[in-house]
Amino acid sequence: MSSSDGKLREEICRYGRSLFERGLTPGSSGNISVRLDDGGWLVTPTNASLGFLDPARIARLDAAGHLLSGDKPTKEIPLHAALYESRTEARAIVHLHSTHAVAVSMLPEIDPRAVLPPLTPYYVMRTGGTALVPYFRPGDPAVADAIRGLAGRYSAVLLANHGPVVAGDSLEGAVFATEELEETARLYLLLRNLNPRALSPAQVDDLVAHFGLTLPDHRGDCG
Ligand SMILES: [Zn+2]
């Protein structure tokens, strides 16, 4: 185990515990992966609570996905693999079964290409927007095709009746974006049917220009 590998293992455990203790993913749900410099990954084990991870038992996979050490990885590997494949700059992925995001995924009015309105600047800045993917049985490899179908436009994807999958350029970035998605889902539910004022298109444009964001809606190729 290299020293940077050891530090990443500690970080996965620390963020996992933090997410679990705040009730952001119950039981043994949720998983975290980090992509390493050699193309391999660290992945949380199957049937492991994010609250009680052991750094030494985190699965270490090579670039081809073969297990090199640690426990058997999560069966939700296809989710992670598809998002890394389409977001080549991503270094970490967080997947949770967080209550408010799951609730929003079942609402009839959800736009699959913009699950939540731009309620806050940090939602826009951290996630760039969220796409909805239809329901698949957990572990079904078909979910990977659905994620690839988004053509890398989204770093944040919400699986219907299941939960968010969010990529970041660091583990911290992926965790913060997932938290922002969950909190924005909570705001949306609090405000639903109260006719809230979201950020205007001009306010979103200003964030895009000021922070150099690339949003799915601003690429001009998704109608
Ligand atoms: Zn899941």
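The values are calculated or read from the model by the stated rules, or taken from the named source; none is laboratory data. All values reported here derive from a predicted model rather than from experimental measurement. All Cβ positions, glycine included, derive from the backbone under ideal geometry; neighbour counts span all protein chains shown.
Anything in segment 178-198 that is of a type in the set (D, E, K, R) and part of a helix (DSSP H, G or I)? List them, or say none. Once the filter is applied, which keeps residues that are of a type in the set (D, E, K, R) and part of a helix (DSSP H, G or I), segment 178-198 yields 179, 180, 182, 183, 186. Condition check for residue 152 on (1) assigned to a loop (DSSP other than H, G, I, E, B); (2) out of contact with any helix residue (DSSP H, G or I) (no Cβ under 7 Å at 6 or more places or on another chain); (3) of a type in the set (Gly, Ala, Ser): one failure, at (2). Sub-8 Å Cβ pairs linking a first residue in segment 19-37 that is more than 9 Å from residue 95 (Cα to Cα) and without any contact (Cβ under 8 Å) to a residue 40 or more places away in the chain to a second residue that is of a type in the set (A, V, I, L, M) and away from the ligand (no atom under 11 Å from the Cβ), at least 6 apart or interchain, are 20/50; 28/48; 36/8; 36/42, ordered by first then second residue. The set of residues in segment 78-96 that are over 18 Å from residue 13 (Cα atoms) and either in contact with a Leu (Cβ under 7 Å, 6 or more places away or on another chain) or aliphatic (A, V, I, L, M) (or both) comprises 79, 81, 82, 83, 86, 90. Is it fair to say residue 70 is away from the ligand (no atom under 13 Å from the Cβ) and modelled with pLDDT of 95 or more? Answer is yes for this residue. Looking across segment 154-174, the residues that are within 16 Å of the ligand (Cβ to nearest atom) and of a type in the set (A, V, I, L, M) come down to 156, 157, 158, 159, 160, 165, 166, 167, 174.
I'm trying to understand the selection: among the residues of segment 106-117, which are more than 15 Å from residue 153 (Cα to Cα) and either of a type in the set (Val, Ile, Thr) or part of a loop (DSSP other than H, G, I, E, B) (or both)? Matches in segment 106-117: 106, 107, 108, 109, 110, 116, 117. Does residue 90 satisfy the criteria of being of a type in the set (Gly, Ala, Ser), within 16 Å of the ligand (Cβ to nearest atom) and either at pLDDT 95 or above or closer than 30 Å to residue 197 by Cα (or both)? No, not satisfied.
Residue 103 satisfies every condition listed in (1) assigned to a helix (DSSP H, G or I); (2) within 16 Å of the ligand (Cβ to nearest atom); (3) touching a strand residue (DSSP E or B) at 6+ places or on another chain (Cβ under 7 Å) except (3).
Take the residues of segment 128-160 that are on the phi > 0 side of the Ramachandran plot and out of contact with any Pro (no Cβ under 8 Å at 6 or more places or on another chain): which is modelled with the highest pLDDT?
So the residue we want is 152.
Considering segment 110-149, and only residues there that are touching a Ser or Thr at 6+ places or on another chain (Cβ under 8 Å) and under 14 Å from residue 163 (Cβ atoms), the residue that is surrounded by the fewest Cβ atoms within 10 Å (Cβ to Cβ) turns out to be 132.
Which numbered condition in (1) within 18 Å of residue 39 (Cα to Cα); (2) within 16 Å of the ligand (Cβ to nearest atom); (3) modelled with pLDDT under 95 is the only one that residue 76 fails? The failed condition is (1). Selection over segment 106-123 of residues that are acidic (Asp, Glu) and within 16 Å of the ligand (Cβ to nearest atom) gives a count of 0. Could we say that residue 205 is away from the ligand (no atom under 16 Å from the Cβ), more than 17 Å from the chain's Cα centre (by Cα) and in a helix (DSSP H, G or I) here? Yes; evaluated as a whole, the condition is true for this residue.
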